[in-house]
1. I'd like the Karplus ³J(HN,Hα) series for the stretch 107-124: coefficients 6.51, -1.76, 1.60, θ = phi - 60°, whole numbers in Hz, and an x wherever there's a Gly or Pro.
2. Using Cα pairs closer than 8 Å and at least 6 residues apart in sequence, work out the relative contact order for the chain, in percent.
3. Would the stretch 21-171 count as rounded, prolate or oblate if I go by the C-alpha gyration tensor, calling it rounded below 1.5 in a/c and otherwise prolate when a/b exceeds b/c, oblate otherwise?
4. With the chain treated as a Gaussian network of Cα nodes joined by springs under 10 Å, which of Arg128, Arg48, Arg36 yields the largest mean-square fluctuation?
5. State in Å² the accessible area per residue of the stretch 21-129; use a 1.4 Å probe, count heavy atoms of protein chains only, and round to the nearest integer.
6. With only Lys, Arg, Asp and Glu charged, each at its Cβ (+1 for the first two, -1 for the last two), find how big the charge dipole of the stretch 1-65 is about the Cα centre; round to the nearest 20 debye.
7. Tally up the carbon and sulfur contribution to the accessible surface of the chain as a whole percent, 1.4 Å probe, everything protein left in place.
8. Can you tell me the 0 to 90 degree angle between the C-alpha axis of helix 38-48 and the longest principal axis of the chain, rounded to 10?
Amino acid sequence: MDAPRVIAHLLAPASGVPNHPRWPLLVYPAAVPPSRDLVEAIEGLFARHGWPPAWRNGVHPFHHFHGNAHEALGIYSGEVTVRFGGDPGVDIVARPGDVIVLPAGTGHKRLSVRGALGVVGAYPAGGRADMHTPGAGGSAREAQAAIERVPLPPADPVFGPSGPLFEHWRD
């Protein structure tokens with residue numbers, strides 16, 4: 001079996017967004033094969049690997065980050081361009097079947113959408129994510145200590161306990 005394709009982006013702090021100091025943003029292109037019930041396939045995959053689905057929606061159109069949780073985004077419909085890491089960051093176009101895994105502290109902002117966007121969001125072990133926006137009470141520097149305390153998840157949301165996430169994220 002071929003090794004899973006994963007694209008990693010280590011993002012430096014930028015424009016009030018701390019990003020994670022050691023762990024990169026991970027993009028899994030076409031991680032979930034197309035199907036009639038793609039949303040259920042993504043939710044089932046995440047749940048099997050200890051990242052129970054927390055919501056279905058889109059991506060906020062403003063920079064924000066979560067200081068207390070990692071996040072997995074699974075695209076099930078439409079196409080979205082998201083800027084990760086603040087300004088300047090990396091712009092990623094995500095399509096149905098793509099999964100993006102954000103370590104705690106990673107800034108993200110929707111730039112554009114094509115079609116009816118559908119995203120499943122999940123957090124390890126059913127955690128809940130806080131919401132920080134750059135410049136709104138507290139600083140990225142203050143959030144950094146909390147971000148560094150967020151532990152490794154027990155499993156990769158796509159490939160399970162021995163997935164490629166652990167090749168990129170190490171204590």
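The values are calculated or read from the model by the stated rules, or taken from the named source; none is laboratory data. Treat the numbers as computed from the prediction; the structure is a model and nothing was measured. Positions of Cβ are backbone-derived with ideal geometry, glycine not excepted, and every protein chain shown enters the neighbour counts. Quick note on the areas: whole protein, heavy atoms, side chains included, nothing else; ligands and nucleic acids left out. Shrake-Rupley method; radii C 1.70, N 1.55, O 1.52, S 1.80 Å.
1. x, 8, 7, 6, 9, 7, 9, 10, x, 7, 6, x, 10, 9, x, 8, 10, x
2. 31
3. On the way: a/c = 1.78, a/b = 1.21, b/c = 1.48.
Cα axes put the stretch 21-171 in the oblate bin.
4. Arg36
5. That works out to 40 Å² for each residue.
6. Numbers: 5 positive and 4 negative charges, 26 e Å.
The dipole of the stretch 1-65 has a size of about 120 debye.
7. Values: 4290 of 8080 Å².
Roughly 53 percent of what the probe reaches on the chain is carbon or sulfur.
8. That helix lies at roughly 70 degrees to the long axis.
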